[in-house]
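Peer 1: Take a look at the following structure, please.
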Amino acid sequence: MKVLSINACILVRGIGFTYNDKKEERMAKMLKLFESYDIICIQEIWDSLWGKHAAFYNNCIKQGWFLSLSKVTGLTNTGNIILSKYLVESQECIVFKNSSTWQRLMSNGVVYSRILTPSIIHVFNTHFHCDTQPCLNSGKVRHKQLLELVEFMKDIVKTDEKWILCGDFNIRGDSDEYEVLKSIINADSLLEKIGFPNTYNNRSFLAPIGWKKETGCLDHIFTNLEIENCRVLTNVDLSDHFPIEVVVKIDK
């Protein structure tokens, strides 16, 4: 089974960080990219009270995807989406109670899907609080969000059940903060197993000014499934993050 985690950074009009974020063009490329995968986890596809990405969602459904996403609360939703070619038996989402600065307007949180492959797999997709600039460390907020995430997962995943957690954690793989992250999750990021490759696309026109020269492993995938392969797709230029592809073995 092939899983893709992609930070797409698609915003509704009126919230965008650029005058023209080439939304329609990039969404069309995303749909083409998704064809060879079984499960897709996307961050930063934000709806708002005055606009939704209905055409994108409808195209996903027409292509045979089961769609899980968070609902708009306050100003926006969490921007997290899960697509699955396998049946989604149930889905849930939470908005983190802990946030700070302008990001209170664009909620961070988690979306979850209970997916029936031949067996049950619990899939969680999240986006944590980000540093507006590399020098501004928001680790205290992220730590509180991490604790919320783990409590959410504990209420769902039973002993010996299979699970995948992926997303834009905004936590560098070579940091003390990452060590705390993996100790609380009780698993190593698959990106650690391949040497913490760079997942940040600073060449993207969507990269904020303060991040134009930055690199680092900010995105992670955790799972208790057996892994065949994990790689960062540095040839895909759809956002200011590169997609991460994982091939996992599932029980027949």
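The values are calculated or read from the model by the stated rules, or taken from the named source; none is laboratory data. Owing to the predicted nature of the structure, the values given are computational and were not obtained by experimental measurement. Note that each Cβ is placed from the backbone with ideal geometry, even for glycine, and that neighbours are counted across all protein chains shown. Quick note on the areas: whole protein, heavy atoms, side chains included, nothing else; ligands and nucleic acids left out. Shrake-Rupley method; radii C 1.70, N 1.55, O 1.52, S 1.80 Å.
Peer 1: Shape call for the stretch 174-247 from the C-alpha gyration tensor, a ≥ b ≥ c root eigenvalues: rounded (a/c under 1.5), prolate (a/b greater than b/c) or oblate? Show your work: numbers first, answer last.
Peer 2: Numbers: a/c = 2.81, a/b = 1.46, b/c = 1.92.
Oblate.
Peer 1: Rounded, prolate or oblate: which one fits the stretch 23-91, using the alpha carbon gyration tensor with axes a ≥ b ≥ c (rounded when a/c is under 1.5, else prolate when a/b beats b/c, else oblate)? Walk me through the numbers before you get to the answer.
Peer 2: Working: a/c = 2.05, a/b = 1.29, b/c = 1.59.
Oblate shape, in that a/c is at least 1.5 and b/c is the bigger or equal ratio.
Peer 1: Based on alpha-carbon positions alone, could you give the equivalent ellipsoid semi-axes of the chain from the gyration tensor, as √(5λ), descending, whole Å?
Peer 2: Values: eigenvalues 114, 95, 69 Å².
Equivalent ellipsoid semi-axes, largest first: 24, 22, 19 Å.
Peer 1: Continuing with the same structure: At a probe size of 1.4 Å, how large is the accessible area of residue 200, to the nearest 10 Å²?
Peer 2: Using a 1.4 Å probe on the heavy atoms, I get roughly 10 Å².
Peer 1: Between residue 50 and residue 209, how high is the FRET efficiency from 1/(1 + (r/R0)^6) when r is the Cβ-Cβ distance and R₀ = 25 Å? Nearest 0.05.
Peer 2: Numbers: r = 27 Å, r/R0 = 1.07.
Between residue 50 and residue 209 the formula returns 0.40.
Peer 1: Counting only protein heavy atoms, what percent of the accessible surface of the chain is carbon or sulfur at a 1.4 Å probe?
Peer 2: On the way: 5950 of 11470 Å².
In the chain, the share of accessible area belonging to carbon and sulfur is 52 percent.
Peer 1: Let me ask something additional. Take the alpha carbon atoms of the stretch 145-186, find their radius of gyration, then divide it by 2.2 N^0.38 Å using N residues; give the quotient. Provide the component values of the computation, followed by the final result.
Peer 2: On the way: Rg = 11.2 Å, N = 42, 2.2 N^0.38 = 9.1 Å.
Taking N as the residue count of the stretch 145-186, the ratio is 1.23.
Peer 1: Starting from the alpha-carbon convex hull of the stretch 115-224, give the projected area averaged over all orientations, in nm². Let's see the in-between values first.
Peer 2: Working: hull surface 31.0 nm².
Over every viewing direction, the Cα hull of the stretch 115-224 projects on average to 7.8 nm².
Peer 1: Going by average Cβ density within 10 Å per residue, which order do the peptides 239-246, 206-213, 68-75 take, highest to lowest? Don't skip to the end; give the middle numbers.
Peer 2: Details: 239-246: 24.0, 206-213: 14.5, 68-75: 17.2.
So the peptides 239-246, 206-213, 68-75, ranked by packing, come out 239-246, 68-75, 206-213.
Peer 1: Within the set 2/162; 97/182; 85/154; 29/85; 32/62; 32/85, which residue pairs have Cα atoms separated by over 23 Å?
Peer 2: Details: 2/162 15 Å; 97/182 21 Å; 85/154 25 Å; 29/85 18 Å; 32/62 13 Å; 32/85 15 Å.
Cα-Cα > 23 Å for 85/154; rest within.
Peer 1: Moving to a separate point now. Quick check for you: with a 1.4 Å probe and neighbouring chains kept, what is the accessible area per residue of the chain, in Å²?
Peer 2: Values: 11470 Å² over 252 residues.
Normalised by residue count, the accessible surface of the chain is 46 Å².
Peer 1: Sticking with this structure for a sec: Which of rounded, prolate, oblate describes the stretch 1-115, given a ≥ b ≥ c as roots of the alpha-carbon gyration tensor eigenvalues and a/c under 1.5 marking rounded, otherwise prolate only if a/b is larger than b/c?
Peer 2: On the way: a/c = 1.96, a/b = 1.26, b/c = 1.56.
Oblate, since a/c reaches 1.5 and b/c is not below a/b.
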